[in-house]
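The values are calculated or read from the model by the stated rules, or taken from the named source; none is laboratory data. Small disclaimer: the values here were computed from a predicted structure and weren't measured. Backbone-built Cβ (ideal geometry, glycine too); neighbour counts: all protein chains shown.
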Amino acid sequence: MNFKNLSVAVAAVALLVSGAGFGNSAKAEPITYTLDPNHTNVVWQANHFGFSNPSGKLVKVSGEVTLDEKNPDKSSVHAIINTASNETGSSVFNEHLAADKFFNSQKFPTAEFKSTKVELTGKDTAKVTGDLTFLGVTKPVMLDVKLNKIGENPISKLPTVGFSAKTTVKRSDFGMDYFVSTPEKPGVSDDVEISIETEANKQPVMN
């Protein structure tokens, strides 16, 4: 099963923002937000021999999002995903996916996403293209991103931005071709759907 991510995430990402939407203030300076590990995850889903569509969640994601309201296309995201942090609800399945036929977490403990392009598609939506490095292979990935909210977090009191992102990737592009489904031989789907949910906070300046 493959994911993206990212993430971070993941994933991913996003971009330019103001109180009402992306890129509304021409005077704003770029702001860098740190991904909140407690409110960031990458969820994957794939078809299993046509019987079901199991999913898992990669829960350890770190990185930064830089939002440039004046020049939205210069916004960026950099996320690192811990591939051993996969949670499926079954410890046996977690270990199976962490092995060399899938995530190969011992040899490749992290995946990395670096954005290369941001394109606004609406007041609070954008397409974010970037390079995903997974299992030692780097491929371009495009995320459909929606800005959810920007404002002060009522708990931490920190400036916070939250967004959702989705994409679909082919796991075989990254060399994860174990039991890939074909018309002649059913298996585990090559296409893997990825959903990213994240919050990022502007950290206080330390004196």
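Things worth noting here:
- Residues satisfying the stated conditions in segment 158-207, i.e. of a type in the set (A, V, I, L, M) and closer than 17 Å to G130 by Cα: A165, V169, I194, I196
- A single member of A26, A11 is hydrophobic (A, V, I, L, M, F, W, C), surrounded by 24 or more Cβ atoms within 10 Å (Cβ to Cβ) and at pLDDT below 95, and it is A11.
- Of all the listed residues (A165, A126, A111), the sole one being farther than 27 Å from P54 by Cβ, in contact with a strand residue (DSSP E or B) (Cβ under 6 Å, 6 or more places away or on another chain) and of a type in the set (A, V, I, L, M) is A126.
- Just so you know, in segment 180-192 the residues that are free of Cβ contacts under 8 Å to residues at least 60 places away in the same chain and either touching a strand residue (DSSP E or B) at 6+ places or on another chain (Cβ under 9 Å) or within 17 Å of A111 (Cα to Cα) (or both) include one that is surrounded by the fewest Cβ atoms within 10 Å (Cβ to Cβ), and it is V180.
- Counted as qualifying within segment 135-207 are no strands (runs of 3 or more DSSP E), as none has 3 or more residues that are over 25 Å from T125 (Cβ atoms).
- Count of segment 121-136 residues which are of a type outside the set (D, E), touching a residue at least 24 places away in the same chain (Cβ under 8 Å) and either surrounded by 17 or more Cβ atoms within 10 Å (Cβ to Cβ) or touching a Lys or Arg at 6+ places or on another chain (Cβ under 6 Å) (or both): 7
- Which listed residue is of a type in the set (S, T, Y) and either loosely packed, with under 14 Cβ neighbours inside 10 Å or in contact with a helix residue (DSSP H, G or I) (Cβ under 7 Å, 6 or more places away or on another chain) (or both), from S115, S105, S55: S105
- Residue that is surrounded by the fewest Cβ atoms within 10 Å (Cβ to Cβ) [pool: residues in segment 30-52 that are over 12 Å from the mean Cα position of the chain (by Cα) and assigned to a loop (DSSP other than H, G, I, E, B)]: F51
- Among residues of segment 139-167, those that are of a type in the set (S, T, Y), within 19 Å of I196 (Cβ to Cβ) and exposed (fewer than 14 other Cβ atoms within 10 Å of the Cβ), counted: 0
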